[in-house]
Structure formats: structure tokens, C-alpha cells
1. Among the residues that make up the stretch 11-27, is at least one of them out of contact with any strand residue (DSSP E or B) (no Cβ under 8 Å at 6 or more places or on another chain), modelled with pLDDT under 55, open to solvent by 70 Å² or more (accessible area, probe 1.4 Å) and not in a strand (DSSP E or B)?
2. Within the stretch 48-63, work out how many residues are within 16 Å of residue 113 (Cβ to Cβ) and not in a helix (DSSP H, G or I).
3. Restricted to the stretch 158-193, and to residues that are assigned to a helix (DSSP H, G or I) and open to solvent by less than 60 Å² (accessible area, probe 1.4 Å), which residue is modelled with the highest pLDDT?
4. Restricting to the stretch 74-91, name every residue that is assigned to a loop (DSSP other than H, G, I, E, B) and not charged (D, E, K, R).
5. Given the conditions (1) open to solvent by less than 20 Å² (accessible area, probe 1.4 Å); (2) over 20 Å from residue 50 (Cβ atoms), report the number of the one that residue 147 does not fulfil.
6. Within the set of pairs 6+ apart or on separate chains, which have a first residue in the stretch 88-117 that is free of Cβ contacts under 8 Å to residues at least 40 places away in the same chain, a second that is assigned to a loop (DSSP other than H, G, I, E, B) and of a type in the set (Ser, Thr, Tyr), and C-beta atoms under 7 Å apart?
7. When the residues of the stretch 52-103 are filtered to those that are touching a His at 6+ places or on another chain (Cβ under 8 Å), among the hydrophobic types (A, V, I, L, M, F, W, C) and open to solvent by 30 Å² or more (accessible area, probe 1.4 Å), which remaining residue is farthest from residue 176 (Cα to Cα)?
8. For the stretch 113-124, which residues satisfy the criterion of being of a type outside the set (Gly, Ala, Ser) and under 13 Å from residue 147 (Cβ atoms)?
Amino acid sequence: MRKILYGNVSQEDFGEIIIGNNSFLFPNQNKLLKANEVTLMNNSWTEIKTQKDIDFFMDLTGSLHDSCLKELKYLSGMYVDEESSMQAVNNKRQIHMILQSQWEPHTIEIIFDKVSSMNLNPSDENYDGIIMGSHIAIEDGNFVWFDSDDFQSNYNELYNHQFITYIKSENIKWKICNKHIGKNLFFTSNQIK
């Protein structure tokens, strides 16, 4: 069983959540973490707004170690209707992503909202596409997710790596969706609006 300790707590002052084979320990007095406990139990969306939220997500998911990007879907907000009239404004700019892991929680869905940039560098058939670790940074009021945590002193080094995928957006939210493990498609035409 993998145990993750979140925050500075004494042995007598913690709460515990068990998901699969993992036990997560949290300080009882922290309201934010209590809200996250409910989120984990209800399988609902959790927004990332602060560094503490980033730390919670990274602790919970083990920085997405031994995971893979299974599916990715982009919604611009633009479309052409039945009368050939175009909605020509990118008013959504959302990326929906499914990550699957060999560890609990097995499946995480992430929505990046109001995306300003993305760099997709998937591995080809000659290399594995395993995410060994990931990193989320707060940059100029935006969040940047990298599919790597392989940097020496500054995460900005990741922008220069040839095989790094990153997404920069105003907002991020995530949820655990372990029922979506396996090779079947999660994103279908009627699931995302």
C-alpha cells in the first residue's frame, strides 16, 4: 500500500481516505482538504486554483508517474450551423484529457479551460509514451501542465525539450473516473458539449 502524507501533521491529528490500495492522510483542520476528501468520494470535479491545489493533485496522483495520455479532445467553440453561418469566435478553447495510470487512482480526467497554447509531442511506435512524472506551474496567472518533471533547477527548461507535451490555460479542473480504465474510447460525440 502506498501512503501519501499531505501537509505537516502529527500522528494524532489526521484524517484518512482509502482509494483502492492507497491510503491518503490529511490534516483534519484544513477546510480545503476536507472539500477535496468529499470530491474524491463523490467523483466530482475539483478545480486547481492555488499551489496548494497543485500539490494536492500531484500528491494524490504521484505526479502521474507511470501513466499515459490515453485521449485528448479540443473544443474551440467555433462551428458552422445548418444554414452555413459560422460562429467564428473561439469562446471555449477547452482541452479534455484522459490519463490512465498503473497506480491508484487509475484514471484521471482533466479539463483545461481557456487554453492559450499547447505543444503536443506524442512518441511514435519506436518509443514508449509513458509519463514518468508531470509538473504543473503557475505562470503569469495561467497554469501550465507538462508531461515531464525532468528539469534541473527551473521548469522553464521543459519548454526547450524536444519531446515534451505542455498545455497552458487559465483554468484546470480534474476528477477521478476509474470506471474508464482500458482501451475503449471515453470521448464520444455525445459525451462532451
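1. Yes, some residue in the stretch 11-27 is out of contact with any strand residue (DSSP E or B) (no Cβ under 8 Å at 6 or more places or on another chain), modelled with pLDDT under 55, open to solvent by 70 Å² or more (accessible area, probe 1.4 Å) and not in a strand (DSSP E or B).
2. The qualifying residues number 2.
3. The initial filter retains those residues of the stretch 158-193 that are assigned to a helix (DSSP H, G or I), namely 158-160, 178-180.
Of the ones still in play, those that are also open to solvent by less than 60 Å² (accessible area, probe 1.4 Å) are 158, 178, 180.
Working: 158: 86, 178: 81, 180: 83.
Filtering first and then ranking leaves 158.
4. Here is the first cut: in the stretch 74-91, the ones assigned to a loop (DSSP other than H, G, I, E, B) are 76-78, 81-85, 88-91.
If the condition is that a residue be assigned to a loop (DSSP other than H, G, I, E, B) and not charged (D, E, K, R), then 76, 77, 78, 84, 85, 88, 89, 90, 91 are the ones that fit.
5. Of everything listed in (1) open to solvent by less than 20 Å² (accessible area, probe 1.4 Å); (2) over 20 Å from residue 50 (Cβ atoms), residue 147 misses just condition (1).
6. Listed pairs, sorted by first residue: 90/76; 92/76.
7. 75
8. 118, 119, 120, 121, 122 - these are the residues of the stretch 113-124 that are of a type outside the set (Gly, Ala, Ser) and under 13 Å from residue 147 (Cβ atoms).
The values are calculated or read from the model by the stated rules, or taken from the named source; none is laboratory data. Computed from a predicted structure; not experimentally measured. Glycine gets a Cβ as well: all are built from the backbone with ideal geometry, and neighbour counts include every protein chain shown. Please note that ligands, DNA and RNA were not included when accessible areas were found on the heavy atoms of the full protein model with its side chains. Shrake-Rupley method; radii C 1.70, N 1.55, O 1.52, S 1.80 Å.
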